[in-house]
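What follows is calculated from the coordinates using simple rules that are stated; it is not laboratory data. These figures come from a predicted structure and were not determined experimentally. Note that each Cβ is placed from the backbone with ideal geometry, even for glycine, and that neighbours are counted across all protein chains shown.
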Amino acid sequence: MKNLTLKTVVLNALIILVGQYAIAQKQDSIKRKKHAYSITLGGGKIIKVEKTDSLAKLDSGTVAKKDSLKKCDKKDNVGFFSGITFTRLDFGFSKLIDNGSFALSPANQFLDYRASKTSHLSFDVLQLGYRFTPQFKMYIAAGFDWTLIRLRQNITMQKNMPVLTYVNDNVNFSKNRFSSSYLHIPLNFEYRTKTDKKGNRFYVVAGPEVAFLLNAKLKQISSERGKQKEFDDYNFAPFRIGGTLRMGYDGIGLFVKYYANDMFASAPQKGLKNMAFGVTFGLN
């Protein structure tokens, strides 16, 4: 009796499953409503082509795609733009230029640095500008940048001194980093090409900038003293003026920056300037 009952339950279950499958197929066929289209062939013959809902969905997707392209075009409209941003992220290397030479003069030999570990980092957080055409715009921005000099010698910069001053230490520093941080305000002029087949563009961005010193820092690490951080202005120039050139494709490119005034407001370092170069992200 148990076997008979189990057999009946399994059979009924199979019947229900088959019935549900048939109903689902019927509903699916109902959903696929057909749409007739007339196509005129050569010789005046007319044939009818039926299109299912799946093709209709494809058409609606094409329309949606066109709408999205229209929205993209809308972004290219001329006019003012502004807002908070996180873009033009520059990461690369810094080089000191001593009166036109990459070699440091005897007076500045204490600033000898590890080139591969002396870096530059900057980005923009605010912008306000005007787009004249879909290809050209100008804008003023605001952001931050850091120059991080990895010193070779075991020296310690002195705080609150009238000129840039250091002392030699009998300590082997595993890290001796001398850095500055600025608030920069660039005025950029940007030209971009029309989009290519992949929807990307080439960009050229150039312009001057001014910057104001926020702080300077000396960070040292040694087995004798552990980790130490000291903050001061260390006679870095309180005001800086320079220029930037960026070139890239699809939001990624290269940059070079040059600062026209002296790096330090310290008489012995007169004529010592710096530049930076590297990779830039967020060209748009």
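Couple of notes before you dig in:
- Equivalent-ellipsoid semi-axes of the range 135-284, from the Cα gyration tensor, Å, largest first: 37, 18, 11
- Take the Cβ atoms of Arg114 and Asn77, set R0 to 45 Å, and the FRET efficiency comes out at 0.40.
- Euclidean distance of C-alpha centroids, the range 201-275 and the range 136-158, integer Å: 3
- Checking the Cα-Cα distances for Lys95/Lys197; Lys194/Lys273; Lys117/Lys194; Lys117/Lys270 against a 31 Å cut-off, the pairs over it are Lys95/Lys197; Lys194/Lys273; Lys117/Lys194.
- In range of the label at Phe144: residues from the range 166-183 whose backbone nitrogen is under 18 Å from the point 7 Å along Cα→Cβ: 178-183
- For the range 182-227, average projected area of the Cα convex hull in nm²: 6.7
- Ratio of the Cα radius of gyration of the range 75-173 to 2.2 N^0.38 Å, where N counts its residues: 1.61
- Among 244-257, 77-90, the order from most to least packed when residues are scored by Cβ within 10 Å on average: 244-257, 77-90
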